[in-house]
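Student: Quick one: structure below, then a few questions.
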Amino acid sequence: MFNFFNPPAPKPRLSQDKIPAKYAQMRLRVFLGAFLGYAAYYLVRKNLSLAAPGMIESGLLDKASVGLAGSAISIAYAFSKFIMGSLSDRSDARKFLVVGLILSSLLMICTGLIPYSHTNPGINVGIIFGLMLLVGWLSGMGWPPCGRIMAHWFSQNERSFKMSVWNTSHTIGSGSLGLLVTAGIAIFAMLGWGDTWRAAFIFPSCVALLLAVFCWWALRDTPQACGLPPIDEYRNDYSAVKAAKGEEQKIPFKKLFVDYIFKNKILWLIALANAFVYLVRYGISDWAPVYLQEMNIMDTSQSNLAFSLHNYAGVPGTIICGWISAKFFKGRCAPANVIYMVLVLIGILVYWKAAPIAQSLAEIFGGDPAAIGRTVVYTALCEIGFCIYGPVALIGIQALNLVPKNAAGTAAGFVGLFGYLFGDAVLAKIVMGSVANDNSLGWNATFWMFIVASLLATAFCATTWKREKQALSR
């Protein structure tokens, strides 16, 4: 079984006259495969967030149990991304990504088909928690092979921009999830099927299965597996961080974790920053449908649209953030991260105070305060989405830049462990769900969590400003 995932052996080098055309063709092809493949993983990850309002209304779950059940994906994914990262560094990226995507899609479809109990919500929580644990574990087979592909097919001085473009895949995937759920609910309703919230699990998963077929055709592990020279040789752009002699293909496990990961002080700093970035990222995104509907700010279709717009806004935001990093800071990520996190804080304040802002605007310009309030919320969520996904992308790129190429998946997994376990699972899911469900605290307290997290993320990113420059100049 494990032999199935072994990296393909290098093929004989193509003749020099064929290399440029083949390289251009394959770089576009693997980029599209990695882009759509990772986007597809987001069609089978956050489905519970969009199904939650319907499940709460049906009495199957409450906000605390939604947070608990939703944390399962983040807990499993945090450890899986770390462990799968080290495995992917020693595996065929094509097989790794596609197998994980197929299994994740099938499990999410099962989640939508199960007959849940209307009399014992505790059973429902246990079932969903278990399924989400499995989905979360399999989701860890998405980012690491993509990181491996980007490290092997794109060289250092182009990687921050190219990876920023690639990293918009998860915002495209998340945004498309909201639209696909709305379409799925409409199809279920048209066919007269009850419990239309089940479409949130089933319909996007079917689309993800189709994308898995495309990825199998498009992806290849390394240039050498296609008869091409390594990317740094081809572009004469050699990484500042190299593996030791004799470890160019595989780094021993002990040295990989101890020397390149645990003793890397800058990696620890960006991992801490990542935890607070992820609290904001998932705290805002995953709870938006529940918050907006519970506060009677928007109905189901409007909140699904807000969810999608928030994620789609991350596409230009991430690309511009990567361009700023490459154009003005020579590929360094810390300065752009600090700028973007300050802007995130402003967006959070507008989102929180949308009602009084709308009332003031209505008094000045006239109009319906409720309609103006929805516009303010759409605007604030778009501004947050535009800014938050830049640091999400660049922190991952920082991790890749600070280690050899064949340690890229492990470094990304280590940083992701902090983001998904502490930032997402513990804080954005379990703690936020409990706080929001507590009448004495409620949603106002969750916004204070966002504010503090934004300030801490900014501070930790700032601490890497000079150290990153020194590390990349070695």
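Student: Please give the helix 121-139 orientation as an angle from the longest Cα principal axis of the chain, in degrees from 0 to 90, rounded to the nearest 10.
Tutor: Helix 121-139 sits at roughly 20 degrees to that axis.
Student: A further question on this structure: Going through the cross-link list K353/K429; K162/K327; K95/K263; K265/K466, which pairs have a Cα-Cα distance over 24 Å in this structure?
Tutor: Working: K353/K429 22 Å; K162/K327 13 Å; K95/K263 31 Å; K265/K466 13 Å.
Distance filter (> 24 Å) returns K95/K263.
Student: Could you please put E57, E363, E294 in sequence from largest to smallest accessible area, using a 1.4 Å probe?
Tutor: Numbers: E57 160, E363 135, E294 85 Å².
Ranked from most to least accessible, the order is E57, E363, E294.
Student: Which angle between 0 and 90 degrees, to the nearest 10, do you get for helix 199-218 versus the longest principal axis of the chain when only C-alpha atoms count?
Tutor: On a 0 to 90 degree scale, this one is about 10.
Student: Could you please report the charge total around I114, scoring K, R as +1 and D, E as -1 over all other residues with beta-carbon less than 12 angstrom from its beta-carbon?
Tutor: Details: positive: R198; negative: D195.
Local net charge: 0.
Student: Which value, in Å² rounded to 10, gives the accessible area of W465 with a 1.4 Å probe and all protein chains present?
Tutor: For W465, the solvent-accessible surface is approximately 90 Å².
Student: What number, in percent, do you get for the relative contact order of the chain if the mean sequence gap of Cα pairs under 8 Å and at least 6 apart is divided by its residue count?
Tutor: In percent, rounded to a whole number, it is 27.
Student: Hey, what angle do you get for helix 93-113 against the long axis of the chain, alpha-carbon based, 0 to 90 degrees rounded to 10?
Tutor: Roughly 20 degrees, rounded to the nearest 10.
Student: Which order do you get for D221, D299 if you rank them by accessible area with a 1.4 Å probe, largest at the top?
Tutor: Working: D221 5, D299 75 Å².
Accessible-area ranking of D221, D299, largest first: D299, D221.
Student: With all protein chains present, calculate the accessible area of L87 using a 1.4 Å probe and round the result to the nearest 10 Å².
Tutor: 70
Student: Also: When a/c reaches 1.5 or more, the comparison of a/b and b/c decides; with that in mind, is region 276-384 rounded, prolate or oblate per its Cα gyration tensor? The partial results should precede the final answer.
Tutor: Working: a/c = 2.52, a/b = 1.85, b/c = 1.36.
Cα axes put region 276-384 in the prolate bin.
Student: Let me ask you something else. Would you mind calculating the relative contact order of region 319-435 from Cα pairs under 8 angstrom and at least 6 residues apart, reporting the percent as a whole number?
Tutor: On the way: 86 pairs, mean separation 29.7, N = 117.
Once divided by the residue count of region 319-435, the mean separation gives 25 percent.
Student: Rolling a 1.4 angstrom probe over the protein heavy atoms, how many square angstrom per residue are accessible across region 327-400? Please list the in-between numbers first.
Tutor: Numbers: 2920 Å² over 74 residues.
Accessible surface, normalised per residue, equals 39 Å².
Student: Now for a separate question. If each residue of separation counts as 0.36 nm, what is the full-extension length gain between N3 and W443 once their alpha-carbon separation is subtracted? Write down the numbers at each step before the final one.
Tutor: On the way: separation 440, 0.36 × 440 = 158.40 nm, distance 4.98 nm.
Going from the current span to full extension adds 153.4 nm.
Student: Pull out a ≥ b ≥ c, the square roots of the eigenvalues of the alpha-carbon gyration tensor of region 419-467, then state rounded if a/c is under 1.5, prolate if not and a/b is larger than b/c, and oblate in the remaining case.
Tutor: Working: a/c = 6.02, a/b = 2.07, b/c = 2.91.
Oblate shape, in that a/c is at least 1.5 and b/c is the bigger or equal ratio.
Student: Rank these by accessible area, largest first, 1.4 Å probe: F203, F418, F4. Can you show the working numbers first?
Tutor: Values: F203 60, F418 25, F4 90 Å².
Descending accessible area places them as F4, F203, F418.
Student: A follow-up question, please. Quick query: amide H of G227 versus all other amide H atoms, modeled in the peptide plane; which residues come in under 5 Å with a sequence gap of 5 or more or a different chain?
Tutor: K11
Student: Ignoring everything but the protein chains, give the 1.4 Å probe accessible area of L269 in square angstrom, nearest 10.
Tutor: Accessible area, nearest 10 Å²: 30 Å².
Student: Which loop-located trypsin sites (Lys or Arg not before Pro) does region 1-110 contain, where loop means any DSSP state but H, G, I, E or B and the Cβ has at most 16 other Cβ atoms within 10 Å? Don't jump to the answer; show the numbers that get you there.
Tutor: Working: sites: R13, K18, K22, R27, R29, R45, K46, K63, K81, R90, R94, K95; in loops: R13, K18, R45, K46, R90.
Qualifying residues, ordered by number: R13, K18.
Student: Then there is this: Report, in deg cm²/dmol and to the nearest 500, the calculated mean residue ellipticity at 222 nm for the chain, where each DSSP H run with n ≥ 4 adds -39500 (n - 2.57) and the sum is divided by the residue count. Before the final figure, lay out each step's value.
Tutor: Values: 20 runs with 345 residues, N = 474.
Computed ellipticity for the chain at 222 nm equals -24500 deg cm²/dmol.
The values are calculated or read from the model by the stated rules, or taken from the named source; none is laboratory data. What you see is a predicted model; the values in this text were computed from it and never measured. For neighbour counting, all protein chains shown are included, and Cβ atoms are generated from backbone atoms with ideal geometry for every residue, glycine included. What goes into the accessible areas is simple: the full protein's heavy atoms, side chains included, and nothing from ligands, DNA or RNA. Shrake-Rupley method; radii C 1.70, N 1.55, O 1.52, S 1.80 Å.
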